[in-house]
Structures are given as C-alpha cells and as structure tokens.
Amino acid sequence: MKRGFISVCGFILMLVSLTAGAQEQKTSAAEAAPNAPTGSLEIYFIDVGLSVGNATLLVTPSGQSVLLDAGPEYAWRRVAGTLQAAGVKQLDYIIITHFHSDHFGAARKISEQFPVRRFIDHGQSVELGKGDEWWRQRRGPWFKPGMGAKYDQAYRDYLNLSDKRRETVTPGDVIRLDGVEIRVACAGAKVLAQPLSGAGQPNNACDDTDRRADDDAEDGQSIGVLVTLGKFRFVYLGDLTWNVSKALFCPTNKVGTCDAYLITHHAQSLPKSLGEYYYGLCACPKAEVNALQPRVAVLSLGALGHKAGTSEAMQNVRGSPRLQDVWQTELITAGGEKDHNSGQELIATIKGGGGQNEPVRFIKLSAHPDGSFAMSNSRTGFTKNYPAPDSTH
Ligand SMILES: [Zn+2]
C-alpha cells in the first residue's frame, strides 16, 4: 500500500457497481480451457503503473489461466490488455492475495471483460467495520475522513461480485490445474503447519531476522503461493509482513527453494524511526529470501517507489545466495529502491506517465518442467534464458 509513505496497500478502493460480472462457468478446472495452448507455463508480471500494486497472469501449458491479484482499478486496461496479448478468453481463477485496492481494485472491471469461474481469497477482511481512528493510525498523512466507510463498501462490492463463485483457502490447500499446482503456504495470518514435500531444512538466516510488531491489518493476511510445473517453482507471498514471514520460514524453511520469486510487498521497507508498528510492516527478511534462494526475482513497483522507505528489502533480495537477476515492471526514480535498479534491458517501463492509456507492458516468464525458463521484456523483446539447475553443473 503506501503511496510513498506507510504501507498499506490500497486504501482508495473504488469498486462501484458490481453487478454485471461474468456468468458462472459450469466447467471444472480439470476440463480443457478455451484459451489457446502455449506449451509452457507463462507468467506475465504486468506493469500496473506509478504506485504500488500487483497483477500477475499465469497461463498453463494447456491454456488454463489464473490472475494472481487483479491490480488497482485505474490499471484495469493494462491488465485487460495483457490478458488479450496472452490470448486469454476467460479466467479459471482470480486469486486475491489480500483486500487492498492495489491488489483487488480492478477485479470488477476485469470480470466484466472476461468470464471468471472462481474467485479465491483468504476469508473476511480484517479491515472491515473499523472506525476513522483505526484508519488514521494506519494511514498516517494519507488518512481521509470516511476512509473506513469507503473501504467497507469496496469490500462488500467484492463480496457481491464473487458471491457464489467465491472460495476461501487456508495453508496446505492445493489448486490443481493441468500440469500446474498452486500450493497455499500462508493465508489469513496462518502458515503451513508442516513443511511442503522436500522442504523443512533448518534456516540459518533466522538468527539475522528479529521479531517486530505484529500487523493487524490486511497485508499480514496475504495468501502466499508456491506454483510448480514439474521442477520449476515460483513463489509469491502477496504483501506478507515481517512476523508472518518469519513464522513460515523459521526455525525451518517450510516452503523450500524456488526458481522465480515475485518480491514480497513491492520490496517495502520502512525505517524504525517511523515507529514499531510500521517497522513490522517491512517485507523480505533474510529468513525469507535466503530460504527461497530464487534464481530470478521480479519487482512489481511503480516509478515512485516508497518515498519514506529504506532499501533493506532490496538489499536482502540482492544478497540472497543464488540470485542472478532482478527484473522490474518499472524503473524506480524515487524512494528507498531507486539506488537498486537493474539494467534497463530488465525493466519493462523506463519512463511511465501513469495514465490509463499507457502502453501495455509486462515482464514475461516462460517455464518448462525441467526447471529451465526464459524471461523477456515486452518493451524491447530482450530475452534471457535460464537453464535447468542440473544442467549448469
Ligand atoms: Zn500491495
């Protein structure tokens, strides 16, 4: 969240009339999808504009599709444009990691353009029904009177939109697609009780990860997933906050390693000087990134960065043991992340205006069951191949 200041994704939610929506599909996920087959697992990291936000599209080898967060409402044309570029005709799932506007704001608009079979979330928003004082404490200078009522309306509109198509998940649940599995590692501030198969190793980085204040808002409720296609593994933990991450990765690593990692919470790090509460909203502790050991990380963050932020998260990601590259949706020009940009060939948008009619831009990952994958930049067509780990030895 944070438009530059305190995190809290998405307080300006504007889901207005959620009537239309898509007609419920009667097919099951196991049936052939109408989207065109691609032969590999395609992951599109969509540039959703100048501020924070996430919308990531997964298309399975046979053409099933999952939108992992819908992005902010103002970015719906970019999200829809990416779906069109990917040949998607309908969505099997929209997974909302948590109820902040930069993650679920565009859900209604997208569902008006594309039939959606199922909406998946973590359960009731913990921000529902809070008074202005609660919001004032959590939004700092961005607080506006009536913010709570507006949030409540946006959340209720989502409930009306998803209605009979809505499912909630808990850690350990698995969403099975053809050849691709999505495992829920955390949701609703709870984490896996037991390590996933092949995981459970002691995590040396836990000693370097302190305990901070708990988050009582939506970020810490985030659904976190491990997506697998054969040996290929992709991890995204939404806007998961410090202590919940530590519970997932300490004292043992319950997830295992991954090939690709969408950087948690847009790499948000806030200084301790802002107060204990905000310090606890930081993301990407060493315990997380050193456990996952991604070969490639992707940053979904707008050019404005986090104005009051520090670079702790980016330093932790850059310092993780197997990391080769960080790809980015935008070149960061301000905030705590601006000194950690990659080369421009790895960045989808170099100079964005933030308008709705900006060109559709994304970073695309094409994964294969042997663990190899390729990354490409929609702006330039630049592509880089990452071989299967075994073939590098
Ligand atoms: Zn966010």
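Checked against the criterion of being without any contact (Cβ under 8 Å) to a residue 24 or more places away in the chain and over 22 Å from Ala205 (Cα atoms), the candidates Ser273, Ser300 yield just one match: Ser273. Consider the range 249-278 and keep the residues that are away from the ligand (no atom under 16 Å from the Cβ) and at pLDDT below 95. The one that is nearest to Ile182 (Cα to Cα) is Tyr277.
Within the range 101-117, which residues are in contact (Cβ under 8 Å) with a residue 60 or more places away in the chain, more than 16 Å from the ligand (Cβ to nearest atom) and not β-branched (Val, Ile, Thr)?
Filtering the range 101-117 down to residues in contact (Cβ under 8 Å) with a residue 60 or more places away in the chain leaves 101-105, 107-108, 111-112, 114-117.
Okay, now just the ones that are also more than 16 Å from the ligand (Cβ to nearest atom), so 108, 111-112, 114-117.
Listed by number, the residues that qualify are Arg108, Ser111, Glu112, Phe114, Pro115, Arg117.
I need a count of the residues in the range 297-311 that are in contact with a Leu (Cβ under 9 Å, 6 or more places away or on another chain) and within 15 Å of His340 (Cα to Cα).
10
Are any of the residues in the range 157-170 within 30 Å of Asn385 (Cα to Cα) and modelled with pLDDT of 95 or more? No, every residue in the range 157-170 fails to be within 30 Å of Asn385 (Cα to Cα) and modelled with pLDDT of 95 or more. Residue pairs whose Cβ atoms lie under 7 Å apart, separated by 6 or more positions or on different chains, with the first residue in the range 38-62 and within 14 Å of the ligand (Cβ to nearest atom) and the second of a type in the set (Asp, Glu) and part of a strand (DSSP E or B), are Asn54/Asp69; Ala55/Asp69; Thr56/Asp69.
The values are calculated or read from the model by the stated rules, or taken from the named source; none is laboratory data. Owing to the predicted nature of the structure, the values given are computational and were not obtained by experimental measurement. Because the Cβ atoms are built from the backbone with ideal geometry, glycine has one as well, and the counts that use them run over all protein chains shown.
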